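A short worksheet on the structure shown next.
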Amino acid sequence: METVLQQKVIEATQCIEKQLDAELEKLDNLDINDFEKLRENRLKKLKLHQQQKQNWLSLGHGEYLEVYDEKEFFEVSKKSGNIVCHFYKDDSPRCKIVDHHLKILAKKHIEARFCKLNVERCPFLTERLRIKIIPTIALILNSKTTDYIVGFTDLGNRDDFSTETLENRISLSGVIRIDDNFSSEKEEKPWLPQGLKSKTIRESDSPNFDDSDID
């Protein structure tokens with residue numbers, strides 16, 4: 001068995017070496033004009049990326065902002081294809097937890113528009129998107145609502161889930177992109193509302209403390 005494994009390792013190493021040799025050969029055969037073309041293409045991509053970034057920022061990306069009514073929400077939807085929208089109520093402690101994480105992610109992921117919307121001010125939109133539980137995060141990709149994060153079920157059923165946990169979950173919808181390996185926070189979380197710290201939903205002191213219905 002050990003001999004077979006060694007042989008497979010050798011074969012894999014040889015395959016990688018061949019690929020590297022091929023890439024090096026390509027580079028050796030490039031002349032000055034080829035290098036100039038590569039440089040120009042690189043500069044064009046960087047310029048387009050910078051223009052896109054500035055366009056996103058001008059549309060409110062990079063900040064976690066309140067959308068005050070349905071008319072404003074539809075205007076936002078027309079301008080930004082990728083949206084992370086938190087449907088909340090003022091008296092929900094768990095909505096404040098979501099606020100904390102989305103403020104951080106909005107600055108990190110300017111490719112999406114992060115916003116919040118009070119369900120009591122927008123009953124038509126809330127009903128249209130079938131929002132039943134608070135908090136709910138609607139994930140809109142290319143102007144279409146494709147996914148929902150309802151309560152904290154997908155976040156480990158905990159109040160003290162990490163920002164990276166929410167980030168990873170949102171990225172599954174394609175609304176944001178993450179390049180780093182997924183990791184979780186272990187530090188203290190002083191931003192948790194009093195009474196919520198380090199508790200899971202099932203461990204809550206009150207039976208009414210779970211994710212709440214809108215009604």
- Message: If you filter region 130-170 for trypsin sites (Lys or Arg not before Pro), then keep DSSP loop positions with at most 10 other Cβ within 10 Å, what is left?
- Response: 130
- Across all Cα atoms of region 53-123, Rg and the largest Cα-Cα distance (Dmax), in Å, are 11.9, 36
- Note on the structure: Flagged as over-length at 26 Å C-alpha distance, from 53/103; 78/103; 37/108; 44/103; 45/103; 79/108, the pairs are 37/108; 44/103; 45/103
- Item | FRET efficiency for residue 70 and residue 45, using Cβ-Cβ distance with R0 set to 25 Å, rounded to 0.05 | 0.05
- In region 55-117, carbon and sulfur make up what percent of the accessible area (probe 1.4 Å)? 53 percent
- Any idea of the accessible area per residue across region 71-171, 1.4 Å probe, to the nearest Å²? 42 Å²
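The values are calculated or read from the model by the stated rules, or taken from the named source; none is laboratory data. Since we're looking at a predicted model, the values are computed, not measured. Every residue, glycine as well, gets a Cβ built from its backbone with ideal geometry; the counts of neighbours run over all protein chains shown. These area figures cover heavy atoms from the full protein model, side chains too; ligands, DNA and RNA do not enter into them. Shrake-Rupley method; radii C 1.70, N 1.55, O 1.52, S 1.80 Å.
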